[in-house]
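Peer 1: Structure below; questions to follow.
The values are calculated or read from the model by the stated rules, or taken from the named source; none is laboratory data. Not measured: the values here are computed from a predicted model. Backbone-built Cβ (ideal geometry, glycine too); neighbour counts: all protein chains shown.
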Ligand SMILES: Cc1ncc(COP(=O)(O)O)c(C=O)c1O
């Protein structure tokens, strides 16, 4: 990208941004929560909207001068509602974690119980990891997979836990689970114990928007919350969607003034732009290709003896047991792949015997590479790079793979960078 001012006013930061552009351009991004936004989203993010305070909501602000902001936020809300089939949208959450926290406070009281996915089985930090503040405010109880071979959730055990623990919220959602959840079963459990059914679709929002994953609202969920920057390919941010008017009011109050101050209006505008892109037919093709790509990569990895948790994927991500596949922990594989220009992350696997800092697994996914226009053939090539690098004999092998990674990367430009 061209920067007309930064190179002169702050050459150090300008230089570092250019360095990062180069890293993105010449490497392969497999972190399954990352993506490349369009130049249009980027332009909205860096606009003068940054200069305005807009505490409140459209038509009810605390400061003057918000006529334009009202129109922008109202448009973002309308597009979010249309995209996910919602009756109410809050687009002010600064990110996924604040969207989770605001939702918990909107629907539950301090001390109440929340039933979420076990963190080593795919659940996210924000779903009550002991290191988070929310874990000190709410009581989190867990459900798990029945078997790591299929990934099916043990819905009978989940129901028993729900009946014994009486949660206020049944939380569906994950950051490291490669299968589709049975929202109908979860909704039924929530109904049986009088809990709200909430889906944190941070990872799969783009798949839902593009019709490549099931929409929890179709199975009667009360609330759906998400990040906007992963598969949905928007700016960094969060959103919370619901149907019911009263719930919508509670959620709005929990976001502002409950948890946040002024909304970041350039991000709200950029969300509107990204939602507009996701409403186009091309986004459906993109979302379906993300899943087709993940399936192709998963198959190639498994064909080469890589042990995937649940033996495949239904969505955009894969989780591999690095110890079983390569005889090395996930962190070692992450490091060796960094050397060849492939970025992914070490990750805990179900009931991991190793530590969070040095887990057994690696997590990888296809949203970013799919944005660059790569298809199944390239996914098989990337899978081969991963296996070759993980099993490489020495530096010479790694250098050769790095050159091949660079070659493939440069054939598929990053939007806005080239
Ligand atoms: C399921 C889920 N929820 C919430 C979050 C938190 O989002 P953020 O990093 O935007 O706060 C993540 C991020 O990885 C996530 O995967």
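Peer 1: Got a number for residues in region 118-158 being in a loop (DSSP other than H, G, I, E, B), away from the ligand (no atom under 14 Å from the Cβ) and touching a residue at least 12 places away in the same chain (Cβ under 8 Å)?
Peer 2: Number of matching residues: 7.
Peer 1: Another question about this same structure. Just for helices (runs of 4 or more DSSP H) wholly inside region 38-117: which have at least 1 residues that are touching a helix residue (DSSP H, G or I) at 6+ places or on another chain (Cβ under 9 Å), closer than 18 Å to residue 133 by Cα and modelled with pLDDT of 95 or more?
Peer 2: Counting at least 1 such residues, we get 96-107.
Peer 1: From the list 356, 350, pick out the single residue that is at pLDDT below 95, crowded, with 18+ Cβ neighbours inside 10 Å and not assigned by TED's automatic domain parsing to the domain that holds residue 121.
Peer 2: Unique residue meeting the criteria: 350.
Peer 1: At pLDDT 95 or above and at positive phi - does that describe any residue in region 122-145?
Peer 2: Scanning region 122-145, I find no residue that is at pLDDT 95 or above and at positive phi, so the answer is no.
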